[in-house]
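Everything on this sheet refers to the single structure shown next.
FYI, it's all coordinate maths here, none of it is from the lab. Quantities reported herein were computed from a predicted structural model and do not represent experimental measurements. With ideal geometry, Cβ positions are generated from the backbone for all residues, glycine too; neighbour counts draw on all protein chains shown.
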Amino acid sequence: MKSLVAYFSASGVTKKLAQKLAAATGGDLFEIKPVVPYTNADLDWMDKKSRSTIEMEDKSSRVEIAEKVEDMDQYDTLYVGFPIWWYVAPHIINSFLEQYDLSGKTIHLFATSGSSGMGNTVNELKASAPGAIWGKADRLKAAASQDEVDRWVNQ
C-alpha cells in the first residue's frame, strides 16, 4: 500500500503538518500549488473583494493548479491537507481531487485552523472524488508533535 500526502498551505502552517504526516506514513509528499500564488491581500477574509472571499462565495469556483501528481495510480491512500476556509476546504482542494480518477482509493482529510472545525468539509468534497473511499477527517493542531501525528495515523 503506497500513500501520498498532498497538501495546500497558504501560509506554511499546513505544510509543517503535512511533512510530519509524510514521515508518519512513509508516504510521498506533494504540494498543491495554484498557478497564481495567493498574496496576503488575496487571503484577507475580512475583505469581501479579496480573491479568497470571492472564490469561497461561489461553490462552483475552481482554482487552476500548477502541477499534477505524475502517477496517481501508484497510490492506494491519500492524505489531503488544507487550512479551513469558511468552515470547509478551499476550492483548490476540489480542483485537485477532480483532476484524477480516485475510485477505490482511500482519502483521509487533515486540516489546520485557528478555531474553526471541519464543518461540512467531507460532504462538500465527496462530489469531487466519486468512487473514493472516505476515511477519517480531522482538524489537527498546527503545532502537533510527531508523536501526536503518528498516533493519529495509527488510530
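Can you tell me the relative contact order of the stretch 3-154? Whole percent, Cα pairs under 8 Å, sequence separation 6 or more.
Over the stretch 3-154, the number comes to 25 percent.
Based on other C-beta atoms within 10 Å, arrange ILE133, ILE93 from fewest to most.
Sorted ascending by nearby Cβ count, the order is ILE133, ILE93.
Can you compute the charge dipole magnitude of the stretch 3-154 about its Cα centre, using +1 on each Lys and Arg Cβ and -1 on each Asp and Glu Cβ, nothing else charged? Give it in debye, rounded to the nearest 20.
440
Report the antiparallel proportion of the DSSP beta bridges in the chain as a percent, rounded to a multiple of 5.
In the chain, DSSP labels about 10 percent of beta bridges as antiparallel.
Would you please classify the overall shape of the stretch 103-145 from the alpha carbon gyration tensor, given that a ≥ b ≥ c denote the square roots of the eigenvalues, rounded means a/c under 1.5, and beyond that prolate means a/b larger than b/c while oblate covers the rest?
Cα axes put the stretch 103-145 in the oblate bin.
Based on the alpha-carbon set only, what is the convex hull volume of the chain divided per residue, in Å³?
It is 101 Å³ per residue.
Could you put LYS105, LYS126 in order, starting from the residue whose Cβ has the fewest other Cβ atoms within 10 Å?
LYS126, LYS105
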